[in-house]
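Following: one structure in structure tokens, then a few remarks.
The values are calculated or read from the model by the stated rules, or taken from the named source; none is laboratory data. What you are looking at is a predicted structure, and each value in this text was computed from that prediction instead of being measured. Every residue, glycine among them, receives a Cβ derived from its backbone with ideal geometry; neighbour counts consider all protein chains shown. We work out accessible area using only protein heavy atoms, side chains counted, and drop any ligands, DNA or RNA first. Shrake-Rupley method; radii C 1.70, N 1.55, O 1.52, S 1.80 Å.
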Amino acid sequence: MSQTDESAATPDTDGESAAPTAHSADHVRSPHGADDVRSAHGADDVRSAHGGVHALEVARAHGVQAMFTLSGAHVFPMYDAAVTAADPMPIIDVRHEPTAVFAAEAVGKLTRTPGLAVLTAGPGVTNGVSPVAQAHFAGSPLVVVGGRAPAARWGMGTLQELDHPPIFETVSTWAATAHTLADIAPTVHEAFNRAGSSHRGPTFVDVPMDEFFNAGPLGSATGPDRAPLQPDGDDLARVARLLQDARHPVLVLGTDVWADGAEDAASRFAAETGIPVIANGMGRGLLPGGHPQLVTKARSAAFSGADLVVVAGTPLDFRLGYGVFGGKDGATPARVVHLADSPGQLSTHADLAGSAAGDLTLVLDGILAALQSASGSRPDWSSWLGQLQDLVSAAAARDVDLLASASDPIHPARIYGELLPRLADDAVVIGDGGDFVSFAGKFVEPQRPGGWLDPGPYGCLGAGMGAAMAARITRPSSQVVVLFGDGAAGMSLMDVDTLVRHDLPVVMVVGNNSAWGLEKSPMQMLYGYDVAADLAPNTRYDQVVTALGGGGEMVTDPAQIGPALDRAFASGVPYLVNVMTDVSAEYPRTTHGV
């Protein structure tokens, strides 16, 4: 139970229980006196069901296959609905609510269907705010259903009484209360519909406890009700003309290309045009690592030498220079085109030469069709692509020595030198950390779409453990690897207990430099010293995992990283490889996101 939730089932001073407890094998008597035939709520002859069934039937209709939660009395009806259904829904109960929401968000990222987190009232709900904010900035389809203090006692100071929706309004697509039993199904349906529509994001619904336990007629749940957004043909034609005139174009493929189901369109566009491509976020893997048009390793030169940058499916934020490419030493900056899955996602701060919004398959295919039908010769960008390919090859050659480094202490890059050859094409790699995970962004190029997860632009540490649960559940036959910085590891390792209890084996790798690496070096640069940036040296995170029922080991010799990874992949349990790394081997960066 969340924080003070344990008191939710204890008698109040007036002798009344704060939570309904009148359970029997076949029936639940709701606070309002209606009977709920629990044992048969999935059958055809059901006349009434409690609010948890109303909510869960809608979630199922929208494709939900698992519920992530931490036990709390305010949401017991959701659990009852899940376990007593004709086809029970798995309940993954975690040790801290953020993990439940991070897991549900990652389900949304991987499946492109909203994930479901269920949080008890008060602190259970507020513990989910940061993960919801991450989903908001990443555009992840997610629905959070929260408990709420009983409507009949609202304003009297009941346990964990808090009006949650106003807290979520600025970090979600939509937040509302289902005030009555009759409101539950339509409100939850609206939440799923909005979460899964362009532009995707998190939604929040809370339900008063007494209405959750109340019972009434169960209607027929309906699934998604949304149509693809049609882009404007004139916008597409303008972008095609800009491409027709470009000599050095670059295409950036971002997270929303994957989220919008436009991976095939992106592949067609790249193949037909021959344009150089840079991957961003979950755009990684849309073109497989090693693809001749993938020039992410030459990103700096590509952006500085481009005369047109087409950014598809990602915001023009700090990761992309706020939409300014080139222009150094008096050179003319590149013209910029922004393609988004909905009008509200188009940049309002960048100087755009063109833009288009709508279903990204329709956008990319429409631009391609306009380009192919344009009069005059087709653009030939092979020479420009060849220049960038040479730079990619040179960068890969420079990386060879770093990936094989035998330095003592261990250089973080050596971990990736050992990991990359051991990754299967369908592996899911999850980044949860700062400096250590920056190296992953440099070296890991997924072979398939949906093979990379990171926090996104919000940069919320602690997301990796929940993402690992989601990946193991949604990709049961794939390798699942979580890359932790030692700072991030400390935020969620207790949830290894969840992995063990639910038999969710994953491989965890900690780059342990005993510091908050993203903060230590910048603070030294600014002040000549650092404070609050050091962690205890050689912390045995591996022993935390073994104590919780998993496996693990500490590595101090670079030659032992590979064998340790082999043991981790073969173990069949949650297994952590704790690698002691050199704190001075920081990732070379040009921006700190400000």
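Things worth noting here:
- Qualifying residue in the stretch 106-116 (condition: out of contact with any helix residue (DSSP H, G or I) (no Cβ under 8 Å at 6 or more places or on another chain), at pLDDT 95 or above and not hydroxyl-bearing (Ser, Thr, Tyr)): no
- Residues of the stretch 93-103 that are surrounded by fewer than 23 Cβ atoms within 10 Å (Cβ to Cβ) and outside any loop (DSSP other than H, G, I, E, B): ASP93 alone.
- PRO446 being farther than 17 Å from GLY485 by Cβ, of a type outside the set (Asp, Glu), open to solvent by less than 50 Å² (accessible area, probe 1.4 Å) and modelled with pLDDT under 95: no
- Within this structure, LEU362 fails the test of being crowded, with 20+ Cβ neighbours inside 10 Å and of a type in the set (A, V, I, L, M).
- Residue within the stretch 513-520 that is surrounded by 14 or more Cβ atoms within 10 Å (Cβ to Cβ), in contact (Cβ under 8 Å) with a residue 40 or more places away in the chain, aliphatic (A, V, I, L, M) and within 30 Å of ILE91 (Cα to Cα) present: no
- Selected residue (criterion: surrounded by the most Cβ atoms within 10 Å (Cβ to Cβ)) from residues of the stretch 402-443 that are of a type in the set (D, E, K, R), part of a helix (DSSP H, G or I) and within 21 Å of the chain's Cα centre (by Cα): ASP435
- Selected residue (criterion: least open to solvent (accessible area, probe 1.4 Å)) from residues of the stretch 336-351 that are in contact with a helix residue (DSSP H, G or I) (Cβ under 8 Å, 6 or more places away or on another chain) and part of a loop (DSSP other than H, G, I, E, B): ASP341
- Count of the stretch 293-335 residues which are more than 28 Å from the chain's Cα centre (by Cα) and part of a loop (DSSP other than H, G, I, E, B): 8
- ASP235 falls short of the stated requirement of being outside any helix (DSSP H, G or I) and within 30 Å of GLY358 (Cβ to Cβ).
- A single entry from LEU499, LEU453 fulfils the requirement of being farther than 26 Å from ALA533 by Cβ, more than 17 Å from the chain's Cα centre (by Cα) and either among the charged types (D, E, K, R) or open to solvent by less than 10 Å² (accessible area, probe 1.4 Å) (or both): LEU499.
- Residues satisfying the stated conditions in the stretch 225-275, i.e. in contact with a Ser or Thr (Cβ under 7 Å, 6 or more places away or on another chain), under 30 Å from PRO186 (Cα atoms) and either crowded, with 16+ Cβ neighbours inside 10 Å or touching a residue at least 40 places away in the same chain (Cβ under 8 Å) (or both): LEU229, THR255, ASP256, ASP260, GLY261, ALA262
- Condition met for VAL250 (farther than 25 Å from SER383 by Cβ and either among the β-branched types (Val, Ile, Thr) or not in a helix (DSSP H, G or I) (or both)): no
- Test for VAL545: is it within 22 Å of the chain's Cα centre (by Cα) and under 20 Å from ALA570 (Cα atoms): no
- Taking each residue of the stretch 119-130 that is more than 14 Å from PRO208 (Cα to Cα) and of a type in the set (Val, Ile, Thr) and looking for partners that are open to solvent by less than 40 Å² (accessible area, probe 1.4 Å) and not in a loop (DSSP other than H, G, I, E, B) with beta-carbon atoms closer than 8 Å, six or more apart or interchain, yields VAL129/PHE168; VAL129/VAL171.
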